[in-house]
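Structure first, commentary second.
The values are calculated or read from the model by the stated rules, or taken from the named source; none is laboratory data. Keep in mind that what you see is a predicted model, and the values were worked out from it rather than measured. Cβ: placed from backbone, ideal geometry, glycine included. Neighbour counts: every protein chain shown. Surface accessibility is based on the protein's heavy atoms, side chains included, excluding ligands, DNA and RNA. Shrake-Rupley method; radii C 1.70, N 1.55, O 1.52, S 1.80 Å.
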Amino acid sequence: MQSIKTKTTFVLHEDVQIVYNLIFKNALYSLECYKEGGDVNLANDYSYVENITDDEGEAELFLKQLEKGKAFPVHIKDLVVDYFG
């Protein structure tokens, strides 16, 4: 598993730590994203997208782009569809 953590600041809220975990299971990569201290039952705080690709390089590149863009969990599924579509 590969993991990246970013710190993001947005209006009217304190700094937020976002964690991205790239998970390899059954020959496919999945992505978990969550806000530290958030509620895993809320789409704004947690997202898990299974089987996004079988290509390690492509999965790692996508992970790095998420880190740069500081995407929140609520947007992860749409970003996966747009990127791997």
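Brief remarks on what is shown
- Charge dipole (the chain, unit charges on Cβ, about Cα centre) - positive-most of Tyr48, His75, Asn26: His75
- Entry note, the chain: relative contact order of 25 percent, from Cα contacts under 8 Å with a spacing of 6+ residues.
- Using the 1.4 Å probe convention, the accessible area of the chain works out to 64 Å² per residue with neighbouring protein chains retained.
- Rounded accessible area of Lys5 (nearest 10 Å², 1.4 Å probe): 110 Å²
- Helix axis angle, 56-69 relative to the chain longest principal axis, alpha carbon, degrees: 20 degrees
- Packing rank of 42-49, 73-80, where each peptide gets the mean count of other beta carbons within 10 Å, highest leading: 73-80, 42-49
- Point-charge dipole on Cβ atoms (K/R +1, D/E -1) for region 42-85, about Cα centre, debye to 20: 300 debye
- Within the accessible area of the chain (1.4 Å probe), percent carbon and sulfur: 49 percent
- Whole-Hz ³J(HN,Hα) from phi, Karplus 6.51 cos²θ - 1.76 cosθ + 1.60, for region 30-43, glycine and proline x: 10, 10, 10, 9, 8, 8, 4, x, x, 9, 5, 8, 9, 4
- Neighbourhood net charge (15 Å Cβ-Cβ; Lys/Arg +1, Asp/Glu -1) for Val81: -3
- Cβ-placed point charges (K, R +1; D, E -1), dipole of the chain about Cα centre in debye, nearest 20: 200 debye
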